[in-house]
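Inspection log for the structure reproduced underneath, given as structure tokens.
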Amino acid sequence: LEVRRSTDSFAFEDRRVAAAMRMIHERAGAGMSIKMLASELHVSRKWLDQTFKEATGATPSAEIRRVRLSRVNDLLLSTDCSIKQIAGMCGFSSAENLIRFFRQAEGTSPQRYRSLKRGASAI
């Protein structure tokens with residue numbers, strides 16, 4: 001993966017992989033799905049999974065989860081938005097789904113993560 005600093009875009013040999021990465025980073029918080037991604041790129045899901053993984057080392061699904069988790073983490077630490085508000089801003093259908101997703105990824109609840117990280121930065 002090479003990030004072009006001048007345009008801040010992703011450069012890959014396959015332009016569709018670059019487009020997929022750009023779309024994921026732009027829309028992961030809006031409920032982006034692999035089905036939508038493949039459809040917009042006019043490729044099969046199998047092609048997208050294989051080619052994206054070969055180019056990036058991760059599946060498109062994993063990249064969507066990574067981007068969503070990063071946005072949730074940022075919002076938890078930089079805002080006082082409620083978990084329900086953050087869920088809506090990051091494309092989750094409910095606060096419960098966000099909490100389940102977050103707990104699986106981080107091993108703790110969003111509330112505890114926020115309190116621990118904010119407490120650590122105050123020291």
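Some notes on this structure:
- One residue stands out among those in segment 61-91 that are closer than 25 Å to R45 by Cα and in contact (Cβ under 8 Å) with a residue 60 or more places away in the chain: the one that is surrounded by the most Cβ atoms within 10 Å (Cβ to Cβ), which is C90.
- Selection of first residues in segment 92-103 that are surrounded by fewer than 18 Cβ atoms within 10 Å (Cβ to Cβ) and of second residues that are part of a helix (DSSP H, G or I), restricted to Cβ pairs under 6 Å at least 6 apart or on distinct chains, gives the following pairs, ordered by first then second residue: A95/I83; A95/K84; A95/A87.
Every number in this text was worked out from the coordinates using simple rules, so none of it is lab data. Source: prediction; values computed, not measured. All Cβ positions, even for glycine, are placed from backbone atoms using ideal geometry, and neighbour counts span all protein chains on display.
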